C-alpha cells in the first residue's frame, strides 16, 4: 500500500496528536529517548547478560505476536503497537519501518556483514508437543487371584472299650476358649490391682509431702505476727529457715522481690487470721445456743411432773 506521508510521520502524529513542550519533537527523538531503552531492558531481562551474540542481536520482530507480548509490558512500546493497529500497517510496512537496535533488521544486517548465522536458542529445551488425546487407550483387564491355602490340623484320637466290648474312638480334648478368657480376666485383675497399688503409693507420697508441713509452719508464724500487738514482739518471731533459704536463693537469681513477698504474706496472714477468728466466733455462738436449748428442755421436763 502506497501512503502519501512517511510511516514515521503517521506514527508520530498518532502517538502525539497535540505534542506538549515535554514531548519529543520527532519520532527519531522518541526512538532514542524511550524505545531503545525499553529494548535494552527487555533484552537484559530475557537473556540475563549480553555475553552472547544472540543477546546482542535478539532479532525482535514487531509483527510477531510473542515478541509483541514481551515488549508490550513497557508503556511506550504498548502505545506504539496500538498506533500500528490503528493505522492498519501491514507486516511488510512494520518490518521496513522498525530498523533500530535489537530488531530483526539489525540481526539480518549483522548476519549479512559477518557471514554468520545467529542461532536462536529460545525454546530449544522444549520438546515437540504430541497430542496424546487421540491415541487409543489400552484395555485394562481385571486380575483375579484364585490361590487358596488350606491348613489341616490332625486331631489325636484315643480308642476305648465300653462294657459291651465295643471299641469307641474319642477325640482328644482341645483347650477351650473359656480357659483363655479366664486367663485374660486374671491378667486384667492383676493389672487393676497394680494400678490401685500405684495410686495408693502416690497418695501416700502426696500426704507426706514436705509442702504441707512447710505451709502449716508459715501460716502459723504469720498468724502469730498478726496477733501480736507489740511491734517488737512481732519482729522477734523467727522466720522459717527453709522459707528464708528459698527467698534468699530466689533473690540472688533475680526472680523474687523480698519486700513485696513479705507484704503479700502479711496481708495473707491477716486475712487467714480474720477468717479463723470469725470461725471461732461462729462456733462459740452455735455452742451457746445448743446449751440454752438443753437448759430449757431440762426445765420443761422438771415442770411436767408438778
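Could you tell me how many of the residues in segment 55-84 are surrounded by fewer than 16 Cβ atoms within 10 Å (Cβ to Cβ), within 22 Å of residue 13 (Cβ to Cβ) and within 44 Å of the chain's Cα centre (by Cα)?
Going through segment 55-84 one residue at a time, the tally reaches 3.
Can you confirm whether residue 89 is in a loop (DSSP other than H, G, I, E, B), out of contact with any strand residue (DSSP E or B) (no Cβ under 9 Å at 6 or more places or on another chain) and surrounded by 13 or more Cβ atoms within 10 Å (Cβ to Cβ)?
Numbers: in a loop (DSSP other than H, G, I, E, B): yes; out of contact with any strand residue (DSSP E or B) (no Cβ under 9 Å at 6 or more places or on another chain): yes; surrounded by 13 or more Cβ atoms within 10 Å (Cβ to Cβ): yes.
Criteria met by residue 89.
For segment 11-33, give me each residue that is assigned to a helix (DSSP H, G or I) and touching a helix residue (DSSP H, G or I) at 6+ places or on another chain (Cβ under 6 Å). Before you say what the answer is, go through the steps one by one.
Keep residues of segment 11-33 that are assigned to a helix (DSSP H, G or I), which gives 11-15, 27-33.
The answer is 11, 12, 14, 15, 27.
Filter segment 101-110 for residues that are closer than 14 Å to residue 52 by Cα and part of a helix (DSSP H, G or I) and give the result. Reasoning before the result, please.
As a first pass, look at segment 101-110 and keep what is closer than 14 Å to residue 52 by Cα: 102, 107, 110.
Across segment 101-110, the qualifying residues are 107, 110.
Residue under question is residue 174, and the condition is that it be modelled with pLDDT of 65 or more and over 56 Å from the mean Cα position of the chain (by Cα); does it hold? Please lay out each step first, then the result.
Working: modelled with pLDDT of 65 or more: no; over 56 Å from the mean Cα position of the chain (by Cα): yes.
Answer is no for this residue.
The values are calculated or read from the model by the stated rules, or taken from the named source; none is laboratory data. All of these numbers come straight from a predicted model, not from anything done at the bench. Using ideal geometry, Cβ is built from the backbone for each residue, glycine included, and neighbour counts are taken over all protein chains shown.
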